1. Are any residues in segment A:22-33 surrounded by fewer than 22 Cβ atoms within 10 Å (Cβ to Cβ) and either touching a residue at least 24 places away in the same chain (Cβ under 8 Å) or in contact with an Asp or Glu (Cβ under 6 Å, 6 or more places away or on another chain) (or both), and if so, which ones?
2. It is to be established whether one or more residues within segment B:199-221 are in a loop (DSSP other than H, G, I, E, B), more than 14 Å from the chain's Cα centre (by Cα) and without any contact (Cβ under 8 Å) to a residue 24 or more places away in the chain.
3. Does any residue of segment B:112-134 turn out to be of a type in the set (Phe, Trp, Tyr) and either away from chain A (no Cβ under 11 Å) or surrounded by fewer than 20 Cβ atoms within 10 Å (Cβ to Cβ) (or both)?
4. Hey, can you tell me all the residues within segment B:46-81 that are under 24 Å from B:Val142 (Cβ atoms) and of a type in the set (A, V, I, L, M)?
5. Does segment B:282-305 hold any residues that are surrounded by fewer than 16 Cβ atoms within 10 Å (Cβ to Cβ) and in contact with a Pro (Cβ under 8 Å, 6 or more places away or on another chain), and which are they?
6. Counting only residues that are open to solvent by 60 Å² or more (accessible area, probe 1.4 Å) and either of a type in the set (S, T, N, Q) or not assigned by TED's automatic domain parsing to the domain that holds B:Gly86 (or both), how many does segment B:207-234 have?
7. Could you please find all residues in segment A:154-176 being open to solvent by less than 10 Å² (accessible area, probe 1.4 Å), assigned to a loop (DSSP other than H, G, I, E, B) and away from every other protein chain (no Cβ under 11 Å)?
8. Just to check your reading of the model, which residue among B:Thr251, B:Thr290, B:Thr264, B:Thr301 is closer than 19 Å to B:Glu92 by Cβ and in contact with a His (Cβ under 6 Å, 6 or more places away or on another chain)?
Protein chains: 2
Amino acid sequence: MKLATLKNGRPDGQLVVVSADLTRFVSAGRIAASLQAALDDWAVLSPQLSALASQLDASAISGQPFDPAHALAPLPRAYQWIDGSGYLSHLERVRTLKGSKDEQLQSTWPLLYQGGSDSLSAPTDPIVATDPELAVDFEAEVAVIIGAVPMGATRQQAAAAIRLVTICNDVSLRRLVLDDLQNGFGFFHSKPSTAFAPIVVTPESLGAAWRDNRLHLPVRVEVNGLLFGQPNAGTDMHFDFADLIVEAARTRNLAAGTIIGGGTVSNRHDEGLPTKRDGIGFACIAEARTVEKLKYGRARTPFLKPGDSVRIAAIADGRSVFGDIDQKVALA
Amino acid sequence: MKLATLKNGRPDGQLVVVSADLTRFVSAGRIAASLQAALDDWAVLSPQLSALASQLDASAISGQPFDPAHALAPLPRAYQWIDGSGYLSHLERVRTLKGSKDEQLQSTWPLLYQGGSDSLSAPTDPIVATDPELAVDFEAEVAVIIGAVPMGATRQQAAAAIRLVTICNDVSLRRLVLDDLQNGFGFFHSKPSTAFAPIVVTPESLGAAWRDNRLHLPVRVEVNGLLFGQPNAGTDMHFDFADLIVEAARTRNLAAGTIIGGGTVSNRHDEGLPTKRDGIGFACIAEARTVEKLKYGRARTPFLKPGDSVRIAAIADGRSVFGDIDQKVALA
C-alpha cells in the first residue's frame, strides 16, 4: 500500500491512496481525515486503506492522475521526528566537523537527536536559508513512521511498530552545527525543516527490498542534475531501525506517528568526486568534503548556493519508489 | 479566557472552557475539536471561545464541576516543544553538572533545546522512571503556546504570537544529562515526558501578572508536601518570551501550537534549604544541590525516589492560577 498527502489548503492536507506505479490516486478521506488519523487507528483503518489500494491497482476505481508537485510531506506536521545515526561511516567522516568525541560510545549506542517536526517540507518545497553563507547541505536518509511504542520496548516490539517507510532530506546548515553542538544543547538552528518524499509505503509492499529492518535499495542523489551519490541504504547500516526505535524508547513512550530517521545513508569507500556512473559517492556534501580533504589536502565540493538543486530518490528496477525529493535552494 | 483539555479516551482529548475561578467547565466541542484545532484557526475561533467563557462566568451557562484529575495536558501531543533558558542563575548553578562551557555565549543568546512533544503528561500523571538510580528531578517552568511565527520574526511579531500561558514540569533524569550532552547531540534520554498544568490562560486574562512578555508570579514548588521554592517567574528572567521566540525562529518557521518553555524559574540568592515560609528556594533539585555544595561542601538534598511527590503552582492572591501539577514518582 502506498499513501500520500495532497495540498488542500489545510495544515494536515488530504490523505490519498496512490497506485503501485505512482500514476494515479484516490482520496482516502472517507476512511481517515489525515495520515495521522490513520496512524491513530491503524489496526482498524489500514485494512480499509489497503482494500482501497487493491481496488485502485485493479482499476476497479479509475482514480485521478497523481502529480507529486501537489504533494505535501506525508505527515506535513508530526508529533515527533527523531533522527538516528545508523551509518557509522557517516559519523566517522563528519566527526571532525561536529566536534563530537567519543567514537567508542557511538558504535555501541546509536546517537539520536530530537528534530523539529512542526513543519516538515513538501518534496518540492524550496530549501529556504536566511543567509547564503550558512553552508547549506542535504542529508539523504531513509525514515520510518511508527505506531505507538512503550518505554523499554524490545527489538521485536520495535520492529512490529514500523508502519510506513519513506526517504527524507535532513537539510543541514553546516556553518551553524558547531555553534549548536558547542553550546551543549544539541542541534537546533542548524537543522531547519526536513523534507520528505511524496509517498510512504508499507514494509510489506516493499517486498524483498525491506528486510532485517533495513531498506535494501540505492538512494540516488543528484546535485544540479549530476550524480552525487547512490549508496545502498541496506549496506553498512550498523544500527537497523529496530535498534534505533529501542534506543529512542529507553526512557519514554513513543506516540503513533513518530518518524524515525536512519541517519545519512553512507557506504564505506574512498572514492572522490565526481561519482562515476557505477560509483557509490555520498548522500551529503560534508562527507564528500572530508574525503577530499584526506585525498587532495583540501575540500573541493562547495556547499549549496541559492539556485542550486538537489534531487533524492530510492531506486528499484530503475524506478523511484517513494517519488522524488526535488528541492532548490532559495534565499529568505 | 481559560481553557483545558479533558480525558475522553482519544489522543487529543476534549477542549473545554473553564470558569475564571476554575470551578466549572463547559465543552467547547462545538467550536473546536481540540486545542490544536482552535490554535489552527485562532482568529476565527478564539472570539467564539471567549464569548462562551463570558457566558460561563456570568452563569448564563451553568456548566459542570471542573475536576483537574480529569485533565490531560492542554496539548496532550504537540507539534513542537522548545525549551529555552531565560534564567541565567539556573544555568550558572547547574553549569558544572551539564559540562557546558561558554558562559559569555549563554548570556548573549538564549540556549534552546528541542524537546519531545509527542506525549506530554497530564498534571496528575506519575513520573515514570525505568530505574530509581536515574536521579529524577523536576524543573518548574512557565510556558507559552504560540500561533504561527515566520522565520526571522521580529520581537514584535514574536510577542504578538503568544496565545496562551501556563506552567510545566520539565522532568529531568540528571544521571543521563551528562551522557546526552557529551555525545554532542543534546538532550534526549534525560528529558522524558514534560507535564503541564491543567489550565491555559490568555495573556489578557492574566491582567498585570503578564507584562514585558513575562509572568510576574511566584511559582510555588512543594516536595512531599514541604515548601521547596517559590521564585518569582518575572524576576531575573534575562531573556523574555519574545527573545526566546525570536531565537527559535532564526532559521525556521514555527507552526501554530508550538510550545516554548522559559526555562527553570530561578532567582538570584544564596539561601540553602529548607526554604523558609517567606524564602525563595529553588524550582529544581539540581540548583539546590549546587548551592549546598558551595555552602556546606556537599549536596544534602536527594533527588526524587519512587513514591516522592512534587506539586507545582503559579500563585496569585493565594490561588493556583493554572491549577496544580501534582505528580508522584513511580517505577516502570
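1. Of segment A:22-33, the ones surrounded by fewer than 22 Cβ atoms within 10 Å (Cβ to Cβ) are A:22-24, A:26-27, A:29-33.
Matches in segment A:22-33: A:Leu22, A:Thr23, A:Arg24, A:Val26.
2. First, pick out the residues of segment B:199-221 that are in a loop (DSSP other than H, G, I, E, B): B:199, B:202, B:212-213, B:216-217.
Those still in the list that are more than 14 Å from the chain's Cα centre (by Cα) too: B:202, B:212-213, B:216.
Next, only the ones that are without any contact (Cβ under 8 Å) to a residue 24 or more places away in the chain stay: B:216.
Yes, there is a match, as at least one residue in segment B:199-221 is in a loop (DSSP other than H, G, I, E, B), more than 14 Å from the chain's Cα centre (by Cα) and without any contact (Cβ under 8 Å) to a residue 24 or more places away in the chain.
3. There is no residue in segment B:112-134 that is of a type in the set (Phe, Trp, Tyr) and either away from chain A (no Cβ under 11 Å) or surrounded by fewer than 20 Cβ atoms within 10 Å (Cβ to Cβ) (or both).
4. Those that are under 24 Å from B:Val142 (Cβ atoms) and of a type in the set (A, V, I, L, M): B:Leu49, B:Ala53, B:Ala69, B:Ala71, B:Leu72, B:Ala73, B:Leu75, B:Ala78.
5. Scanning segment B:282-305 gives a single hit, B:Lys305.
6. Count: 1.
7. Here is the first cut: in segment A:154-176, the ones open to solvent by less than 10 Å² (accessible area, probe 1.4 Å) are A:158, A:161, A:164-173.
This time we only want the ones that are assigned to a loop (DSSP other than H, G, I, E, B), so: A:161, A:170-171.
Residues satisfying the conditions are A:Ala161, A:Asp170.
8. Values: B:Thr251 fails: closer than 19 Å to B:Glu92 by Cβ; B:Thr290 fails: in contact with a His (Cβ under 6 Å, 6 or more places away or on another chain); B:Thr301 fails: in contact with a His (Cβ under 6 Å, 6 or more places away or on another chain).
Among B:Thr251, B:Thr290, B:Thr264, B:Thr301, only B:Thr264 is closer than 19 Å to B:Glu92 by Cβ and in contact with a His (Cβ under 6 Å, 6 or more places away or on another chain).
The values are calculated or read from the model by the stated rules, or taken from the named source; none is laboratory data. The structure displayed is predicted, hence computed values, not measured ones. Every residue, glycine as well, gets a Cβ built from its backbone with ideal geometry; the counts of neighbours run over all protein chains shown. The protein model used for the area step is the full one, side chains on, heavy atoms only, and it has no ligands, DNA or RNA in it. Shrake-Rupley method; radii C 1.70, N 1.55, O 1.52, S 1.80 Å.
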